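What follows is a set of notes on a single structure, which appears directly below.
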Amino acid sequence: MSIIYKNKRLSSSRVILLGFFGVIVLGTVLLMLPCSKAGAGGASFLDALFTATSAVCVTGLITNDTATYWTGFGQAVILCLIQIGGLGVITIAVFITKLSGRKIGLMQRSIMQESIAAPQMGGIVRMTGFILKTVAVIELAGAAAFLPVMIPQFGVLKGIWYSLFHSISAFCNAGFDLMGVRTQYSSLTFYTGNVLVNVVAMALIVVGGIGFLTWDDVKRNRLHLRRYRMQSKVVLAVTCALIVLPAVYFYFREFSMPVWEGMTVKERVLASFFQSVTTRTAGFNTVDLASLTESGQMIMILLMLIGGSPGSTAGGMKVTTFAVLFATAIAVFKRRPNAHIFGRRIPNDTAHYAATVLVLYMSLFLAGGIFISCAENMAILPALFEAGSAIATVGVTLGITPGLCAASKVVLIILMFLGRVGGMTIVYAALSAKHPYVSEFPQEKIMVG
């Protein structure tokens, strides 16, 4: 990493891009080793590449069942890739640099700032230490909470391993699971009514998805919400709304359908909240998503595209982008020059950026879904569901990913990579040269809407 840092021709966006790409390549090589795959021979290049990309991009889409296809070594490789992808390649690199005693220069700090979406460079090294300590505490606590369920079912050693694996996977919003030992590709469907598993998994997903800056606000200001950054207030408010409102829909509409008549009230409540939480961008599921109505699947697609928070382990367009777009629409309705959120004015540049992110994600999402639909000769909604799950790095699936052709899998790989590093990071990496504009074109109005 120090070589990359010293090369001034590489922008922060390119360093982030190359960092993720390098880890994916390394993960692919390790997963192709015969010791990574159960049975004779090693995994194919495409399967290894798909799994490594999904793990580093904390997505959770898989072409082979994680528990039965990969050995213990292969599962450990996947877990390491998830941890690196969840924390961010740059965060890990800066931590190693700090641990080795070397000085962290302005270039490294600048890249770290962009990597975790920090508003300023000051205190960025302190933030790195805070992130790593907090992550370690939360993941170990999550693993300990899973133990009472996992040890009685799988024994001591395997129970500890399963608890740690699912805690890290949930916190990093990855969605990888080892429950294929029961039934392949079953995810957490055997725990639909288990309160402990549901609550712990949902708590880890939410905490991992609200973002490092929000954690810092909570640590500094506790319950003094007025002292929080506006971004933290937006993240917490929108996150709560996007958990509760869809859960109400799932409970009164989806899980009241005849196909779910065998569920108890407790299972309906847990399933409603879990599907609302996991769609933002965890990848686990406690029910068969293919049994949901098309309306329910479409709502899940929209939730996936919105995603989590900036500087978090989650993907998607981010809740702040959604909030800015919504506030901008209200400002236009009221004929205001700027959007307002929590008594603060949002710069027009931020609104332009949010609109650009929306167009970029929707373009990739629709293009990927249409391609898969045409290549597989399938209905458009399942194809859009898988494409949305990939670009938003969610990992929930209708079960069609393992059966896709090579071309469709490559499309999903590209979508997962773009979704994790960020579409705008790709654009900035490709167009990093600064061109000063000394003149402007004549202005002319165009009617819209």
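The values are calculated or read from the model by the stated rules, or taken from the named source; none is laboratory data. The structure presented is a predicted model; accordingly, all values stated were derived computationally and were not measured. All Cβ positions, glycine included, derive from the backbone under ideal geometry; neighbour counts span all protein chains shown. The area values use the complete protein model at the heavy-atom level, side chains included, leaving out ligands, DNA and RNA. Shrake-Rupley method; radii C 1.70, N 1.55, O 1.52, S 1.80 Å.
Return yes when residue 421 is open to solvent by less than 20 Å² (accessible area, probe 1.4 Å), over 21 Å from residue 292 (Cβ atoms) and either without any contact (Cβ under 8 Å) to a residue 40 or more places away in the chain or among the hydrophobic types (A, V, I, L, M, F, W, C) (or both) and no when it is not. When the stated conditions are applied, residue 421 passes them.
Restricting attention to segment 371-395, which residues are surrounded by 20 or more Cβ atoms within 10 Å (Cβ to Cβ) and assigned to a helix (DSSP H, G or I)? Passing the criteria: 372, 382, 383, 384, 385, 386, 387, 388, 389, 390, 391. Taking the conditions (1) closer than 28 Å to residue 30 by Cα; (2) modelled with pLDDT of 85 or more; (3) more than 24 Å from the chain's Cα centre (by Cα) in turn, residue 151 satisfies each one other than (1). Only one entry of 238, 234, 269 meets the criterion of being surrounded by 16 or more Cβ atoms within 10 Å (Cβ to Cβ), touching a strand residue (DSSP E or B) at 6+ places or on another chain (Cβ under 8 Å) and modelled with pLDDT of 90 or more, and that entry is 234. No other residue among 194, 198, 221 is among the polar types (S, T, N, Q) and either more than 30 Å from residue 69 (Cα to Cα) or at pLDDT below 90 (or both) apart from 221.
Within segment 48-55, can one find any residue that is open to solvent by less than 40 Å² (accessible area, probe 1.4 Å), in contact (Cβ under 8 Å) with a residue 24 or more places away in the chain and out of contact with any Gly (no Cβ under 9 Å at 6 or more places or on another chain)? Looking through segment 48-55, at least one residue is open to solvent by less than 40 Å² (accessible area, probe 1.4 Å), in contact (Cβ under 8 Å) with a residue 24 or more places away in the chain and out of contact with any Gly (no Cβ under 9 Å at 6 or more places or on another chain). Condition (residue is part of a helix (DSSP H, G or I), within 14 Å of the chain's Cα centre (by Cα) and within 30 Å of residue 20 (Cβ to Cβ)) applied to segment 258-276: is it met by at least one residue? No, that holds for no residue. The helices (runs of 4 or more DSSP H) located wholly in segment 141-222 that include 3 or more residues which are without any contact (Cβ under 8 Å) to a residue 40 or more places away in the chain and buried (at least 18 other Cβ atoms within 10 Å of the Cβ) occupy 156-171. Please find, within segment 293-302, the residue that is farthest from the chain's Cα centre (by Cα) out of those that are open to solvent by 10 Å² or more (accessible area, probe 1.4 Å) and either of a type in the set (Gly, Ala, Ser) or closer than 22 Å to residue 174 by Cβ (or both). That would be 295. Is there any pair linking a residue in segment 383-400 that is on the phi < 0 side of the Ramachandran plot to one that is aromatic (Phe, Trp, Tyr) and not in a loop (DSSP other than H, G, I, E, B), with Cβ under 7 Å and at least six apart or on different chains, and which? Listed by first residue and then by second, the contacts come to 387/365; 388/365; 391/361; 391/365; 398/385.
Being open to solvent by less than 10 Å² (accessible area, probe 1.4 Å) and part of a helix (DSSP H, G or I) holds for only one residue in 331, 290, 355, 314, and it is 331. The residue that is surrounded by the most Cβ atoms within 10 Å (Cβ to Cβ), among those in segment 1-28 that are modelled with pLDDT of 80 or more and of a type in the set (Val, Ile, Thr), is 24.
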